[in-house]
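Values quoted throughout were computed directly from the atomic coordinates according to the rules given, and no laboratory measurement underlies them. Fair warning: this is a prediction, and the values are worked out from it, not measured in the lab. Cβ atoms come from the backbone with ideal geometry, glycine included; neighbour counts cover every protein chain shown.
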Amino acid sequence: MSRRPKIYYSDSQKALMWKCWQRGESLHKIARLFDRHHSSVRRILAETGGIRPVSRCRAERVLTLAGHEEISRGLMAGQSIRAVASCLNRAPSTISREVRRYGGKNSYRAGRADQRAWDCARRSKASKLTRHRVLARLVAAKLQQQWAPEQIAGWLKRTYPGNEALRLGDLRHVRSMGFRCLVGCIFQEVSGFDSWRRASCHWSCGCPR
């Protein structure tokens with residue numbers, strides 16, 4: 001039996017996926033809308049811990065597409081970096097770094113620079129739970145006892161008052177860990193096969209085997 005080609009869901013398809021998930025529909029039912037296996041849908045939902053991600057927006061301090069276009073026009077007109085920076089009310093060093101980062105004076109293009117800046121802002125960052133295995137195991141043990149992320153954060157502060165390493169900042173990572181453990185437990189109950197749970201929990205979030 002030949003394997004299906006990998007699918008890349010569009011933003012509209014992901015929006016429909018999240019809408020169905022928030023209505024309480026099962027992974028299998030959502031997957032049938034796209035004629036795919038439920039694991040394909042589970043992968044999308046698990047990326048943010050089963051919580052619908054917030055729509056992305058630019059920070060006020062970063063350059064917009066209009067700003068990139070102004071830089072491109074200024075360079076094409078032969079203006080200096082300082083003159084371009086003055087038009088944008090930015091520091092010359094900021095514009096200089098921007099130009100060097102995205103092709104230099106001769107190859108800078110506004111559309112390409114704007115897209116690369118947008119993509120780089122979305123780069124993956126290692127969570128604290130990934131970097132600190134002791135913290136991950138403590139959190140995983142409490143999740144198995146069905147503690148809420150807020151309860152775990154408070155317990156860590158009281159139990160380890162002088163240890164800043166054992167602190168939870170962004171609780172989304174804890175919710176994501178809890179979602180992966182929950183999916184693994186459901187898979188184990190349905191299929192009677194627990195290797196998926198052991199592998200995903202142990203290597204992804206530090207749950208004890």
field: Nearby lysines by direct alpha-carbon distance to Lys128 (threshold 17 angstrom, same-chain neighbours under 8 apart not counted)
entry: Lys142, Lys157
field: Farthest toward positive dipole pole in segment 12-151 [+1 Lys/Arg, -1 Asp/Glu at C-beta], among Asn89, Cys20, Val134
entry: Val134
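Only four residue types carry charge here, +1 at the Cβ of Lys and Arg and -1 at the Cβ of Asp and Glu. Report the dipole size of segment 65-120 about the Cα centre in Debye, rounded to the nearest 20. Don't jump to the answer; show the numbers that get you there.
Working: 10 positive and 5 negative charges, 44 e Å.
My answer is approximately 220 debye.
Using Stokes-Einstein with the Kirkwood hydrodynamic radius over Cα pairs, what translational diffusion coefficient do you get for segment 65-120 at 4 °C and a viscosity of 1.567 mPa s, in µm²/s rounded to a whole number?
Values: Rh = 10.9 Å.
Estimated via Stokes-Einstein, D reaches 119 µm²/s.
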query: Dipole of segment 34-136, Cα-centred, from +1 at each Lys and Arg C-beta and -1 at each Asp and Glu C-beta, to the nearest 20 debye?
result: 480 debye
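What number does segment 1-83 give for Rg over Rh if you use C-alpha atoms and the Kirkwood radius? Present the calculation step by step, with values, prior to reporting the outcome.
Working: Rg = 20.8 Å, Rh = 16.3 Å.
Taking Rh as the inverse mean 1/r over Cα pairs, Rg/Rh reads 1.28.
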- prompt: Regarding segment 33-75, what is the average projected area of its C-alpha convex hull, in nm²?
  reply: 5.8 nm²
Sequence-distant lysines (8 or more away, or on other chains) whose Cα lies within less than 17 Å of Lys6: Lys14
message: Restricting things to Cα coordinates, could you compute the convex hull volume per residue of segment 1-160 in Å³?
response: 217 Å³
- prompt: Among Ile95, Ile51, which comes first, second and so on when ranked by fewest other beta-carbon atoms within 10 Å?
  reply: Ile51, Ile95
statement: Phi-derived 3J(HN,Hα) across segment 38-44 with the Karplus relation (6.51, -1.76, 1.60, θ = phi - 60°), rounded Hz, x for Gly and Pro, is 5, 5, 5, 6, 4, 4, 5
query: If you rank Glu70, Glu98, Glu150, Glu25 by fewest surrounding Cβ atoms within 10 Å, what's the result?
result: Glu150, Glu25, Glu70, Glu98
- prompt: So how far apart, in nm, are the two label points at Asp35 and Arg58 if each is 7 Å from Cα heading toward Cβ?
  reply: 3.9 nm
field: Which of Lys14, Lys19 has the fewest Cβ neighbours within 10 Å, and the rest in rising order
entry: Lys19, Lys14
- line: In order over segment 113-118: 3J(HN,Hα) from phi, Karplus 6.51/-1.76/1.60, θ = phi - 60°, whole Hz, x for each Gly or Pro, gives 5, 5, 5, 5, 5, 5
